[in-house]
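Single-structure report; data block below.
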Amino acid sequence: MNWEIVGWVALAASGAVILASVFMPSKMVEKGVAALPPAHDAPIPTMHLLLEIAWPIFFIATMGMLTLKEVMGFAAVLLLATVITGLIWLFDGLVTSKKRAKESGDPVLVEMARSFFPVILIVFLLRSFLYEPFKIPSGSMVPTLLVGDFILVNKYTYGVRIPVINKKVMEINSPKRGDVMVFRYPPNPSKDYIKRVVGIPGDTITYQNKQLILNGRGVPQTKGEIFTEVDERMNMTQFDVYKESLGDKPHTMMVNKNRAAFYLSSVFPNFPFKENCAYNEDGFSCKVPVGHYLMMGDSRDNSEDGRYWGFVPEENIVGKAVMVWMNFSAFKRVGLAIE
């Protein structure tokens, strides 16, 4: 389904209803609440009923298109929606409700704002300071995370941050080697990426011939089973799975022995602190600068990561991935802790 077309159609249709109501007499729009006997309630005008549908659709479609067209991030859209609905409700309570005739009901816009504001506010606070849901769209973190996994990301593990601008105001913990972390993609901060922390500030990370080397020592690996990946065309690709120990707990990663260890031509021509890195046909070596982290995907031969575009600055951190809360294709993954 083309959601952009759906969004534009929803905006156009609901906007047309709202615009038409502006030029109609108020008695054809407003819902009367005159003191009639219960058996003789005033009929609700058809336009009022249409507006009760049009205003929520227009509001939701506008917020959706702002996100879809990347005019602003989803956090900024939620904040905007919270502010707008809150101001409408507040302005009506302080000003317009006092001028409104007693026999007329609340305008549809006010009813919508009063209903939406507390819900949006709660969602905004929860996802800004506690947990934020994400969906895994690609296979770069297989076998740890599968395409279609819905995950929860802890927003306070690495410190409390001001929503939208992502500025840290309270230090709690720093990312550790082996953590699975969501961050704003450095070349395009409007996008969120998820990878594993392989290097923290001061580390020298080398990746040569599919072997990860941390500060001059090879990271321990234990060979496991074979992972078979089936694509949309039913083509099968086999990967060798390994247990790797970067932090306190081992994690799984995989490589495809039939693919090159490194693609030198894919390295970005410029990125901050590129002078800290040296590249060759078989891999690279980088010293992680202060306030930055080096990230790699667990599917080493199917991941565009820090090997190619550099380091993640501390201000780009979103949070730590902690749990799979849903996968509609594999319910047994629900509740799986992310390690």
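Some notes on this structure:
- Cβ pairs under 6 Å, 6+ apart, first in segment 143-163 and touching a residue at least 60 places away in the same chain (Cβ under 8 Å) and aliphatic (A, V, I, L, M), second open to solvent by less than 30 Å² (accessible area, probe 1.4 Å) and part of a strand (DSSP E or B): I151/A321; I151/V324; V153/E132; V153/V182; V153/G319; V153/A321
- Qualifying residues in segment 163-183 (those that are touching a Lys or Arg at 6+ places or on another chain (Cβ under 8 Å) and either open to solvent by 60 Å² or more (accessible area, probe 1.4 Å) or not in a strand (DSSP E or B) (or both)) - the one farthest from A75 (Cα to Cα): G178
Yes/no matrix, rows are residues, columns are (1) part of a helix (DSSP H, G or I); (2) in contact with a Cys (Cβ under 9 Å, 6 or more places away or on another chain); (3) more than 25 Å from M63 (Cβ to Cβ); (4) among the hydrophobic types (A, V, I, L, M, F, W, C):
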| position | (1), (2), (3), (4) |
| --- | --- |
| E111 | yes, no, no, no |
| R114 | yes, no, no, no |
| F134 | no, no, no, yes |
| S138 | no, no, yes, no |
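- Listed by position, the strands (runs of 3 or more DSSP E) contained in segment 272-322 that have at least 1 residues being of a type in the set (S, T, N, Q) are 277-280, 283-287.
- Residue in segment 283-299 that is hydrophobic (A, V, I, L, M, F, W, C), under 24 Å from the mean Cα position of the chain (by Cα) and open to solvent by 20 Å² or more (accessible area, probe 1.4 Å) present: no
- Residue in segment 150-161 that is open to solvent by 70 Å² or more (accessible area, probe 1.4 Å) and touching a helix residue (DSSP H, G or I) at 6+ places or on another chain (Cβ under 8 Å) present: yes
- Residue satisfying all of: in segment 218-270; of a type in the set (A, V, I, L, M), under 16 Å from D305 (Cβ atoms) and more than 28 Å from the chain's Cα centre (by Cα); most open to solvent (accessible area, probe 1.4 Å) among these: L264
The values are calculated or read from the model by the stated rules, or taken from the named source; none is laboratory data. Treat the numbers as computed from the prediction; the structure is a model and nothing was measured. Backbone-built Cβ (ideal geometry, glycine too); neighbour counts: all protein chains shown. SASA here: full protein model, heavy atoms, side chains in, ligands and nucleic acids out. Shrake-Rupley method; radii C 1.70, N 1.55, O 1.52, S 1.80 Å.
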